[in-house]
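The values are calculated or read from the model by the stated rules, or taken from the named source; none is laboratory data. All values derive from a computational prediction rather than experimental measurement. Glycine also receives a Cβ, built like all others from the backbone with ideal geometry; neighbour counts cover every protein chain displayed. For the accessible areas, the whole protein counts, side chains as well, though only heavy atoms, and no ligand, DNA or RNA atoms are used. Shrake-Rupley method; radii C 1.70, N 1.55, O 1.52, S 1.80 Å.
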Amino acid sequence: MAVTLKEVAELAGVSRSAVSRTFTDGASVSDKTRRKVEKAAAELGYLPNILARGLTTRRTKLIGLVSNNFHNPIFLEVFDQFTRKLQEQGLRPLLVNLSEETDPEASVRMLRQYSVDGVVVASSTLPPGFSRAFKDAGVPVVNSFGRCSTTPECHVVGIDNVECGRIAVWEFIKRGYERIAFLGGPEMATSTQDRLRGFEEEAGRHPDVEASFSFADAYTFEAGRREMRRLLEAGNPAEAYFCGDDVLSIGALSAITDAGLKVPEDIGLLGLNDMEIAGWQNINLTTIRQPVQQIINSSVELLVSTLDDPARYPEARLFPCQVIERGTLRPVAG
């Protein structure tokens, strides 16, 4: 049987409210009482019921960690870092899979049933309406890896995806590629749209460059492999492809090698994210690094500050990316 607060109070010789205050952050209790309660609790093996305390304080410290991209290995890294950072702040993550969800209001109702104190929407493919629905319902929310704007409706932390598209073109031109292509993720994802926009705008500034684009139907290995296979079978593939993320790139790499071609000798590949497996020896992917840890740290910081000040004005934070040179693009032209 679990030890009760009443038993701790009797052993310590104090009131039950004194025991409750001892285990409540910020509550007033004398040092003498605290020592007596902690000694009694240790002897009995008492652990405070955090959920029950939430009924009293109206703060559960539960944070909904929401995404719809669980099939992408990068989010294993993202969730690992998010849960660690939230727990460091004394918060408890509640992982929520919205892969099949299309109704923002239904998501809000589900999260409110758990009495979450706040929500992190960790996705670049969920429509902005999901974050807005949480905010409209009075739930503090941060959209991580989302589309940033100069007039955000809620806190947004991420990268400039338009700039990433430009960076890809610059890297291709430095290496002497003339027929280049963008192989994006789902066409309706804001990250795909923004990366394509930057790619096309920058390619349009170079009349000697021929640019094309296509889309995979998901940010998955199989989707990248399937789309690259289709492009190869259609004939006359580009000399180099900027893929919407690393997992698409790895799928494309598989299709290219299956076709008897070599990377980067026959076709060059550039990814985005720099997830752990991109650096594995048998993959060795040249990619644009997204500063995941900085994005996560900043997201948690914004969420914590909004829990303390729900009226805080929405803020957008952008972090710069950098190219990580490995082995899937030809060397820079001399």
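If I ask for residues that are surrounded by 15 or more Cβ atoms within 10 Å (Cβ to Cβ) and of a type in the set (A, V, I, L, M), which ones from region 325-334 would you list?
Answer for region 325-334, where residues must be surrounded by 15 or more Cβ atoms within 10 Å (Cβ to Cβ) and of a type in the set (A, V, I, L, M): just Leu329.
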For region 284-324, how many residues are in contact (Cβ under 8 Å) with a residue 60 or more places away in the chain, open to solvent by less than 70 Å² (accessible area, probe 1.4 Å), farther than 18 Å from Gln87 by Cβ and not polar (S, T, N, Q)? 9
Can you find a residue in region 59-77 that is at pLDDT below 80 and assigned to a helix (DSSP H, G or I)? no
Where Phe221 falls short, out of the listed (1) open to solvent by 20 Å² or more (accessible area, probe 1.4 Å); (2) closer than 20 Å to Glu315 by Cα; (3) under 21 Å from the mean Cα position of the chain (by Cα): (2)
Any residue that is farther than 30 Å from Glu227 by Cα, of a type in the set (S, T, N, Q) and in contact with a strand residue (DSSP E or B) (Cβ under 8 Å, 6 or more places away or on another chain) - is there at least one of those in region 151-173? no
Restricting attention to region 12-40, which residues are in a helix (DSSP H, G or I) and closer than 25 Å to Thr60 by Cα? Arg16, Ser17, Ala18, Val19, Ser20, Arg21, Thr22, Arg34, Val37, Glu38
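Does Val162 count as at pLDDT 95 or above, more than 20 Å from Thr328 (Cα to Cα), within 21 Å of the chain's Cα centre (by Cα) and aliphatic (A, V, I, L, M)?
Yes, satisfied.
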Expected single match for among the polar types (S, T, N, Q), under 27 Å from Glu201 (Cα atoms) and modelled with pLDDT of 85 or more among Ser144, Ser131, Ser124 is Ser144
Any chance Phe199 is open to solvent by less than 10 Å² (accessible area, probe 1.4 Å) and assigned to a helix (DSSP H, G or I): yes
Suppose the filter is touching a Leu at 6+ places or on another chain (Cβ under 8 Å), under 26 Å from Cys148 (Cα atoms) and open to solvent by 40 Å² or more (accessible area, probe 1.4 Å); does Phe213 pass it? yes
Looking at Ser249 and the list (1) within 30 Å of Gly64 (Cβ to Cβ); (2) open to solvent by less than 20 Å² (accessible area, probe 1.4 Å); (3) of a type in the set (Gly, Ala, Ser), which single condition is not satisfied? (1)
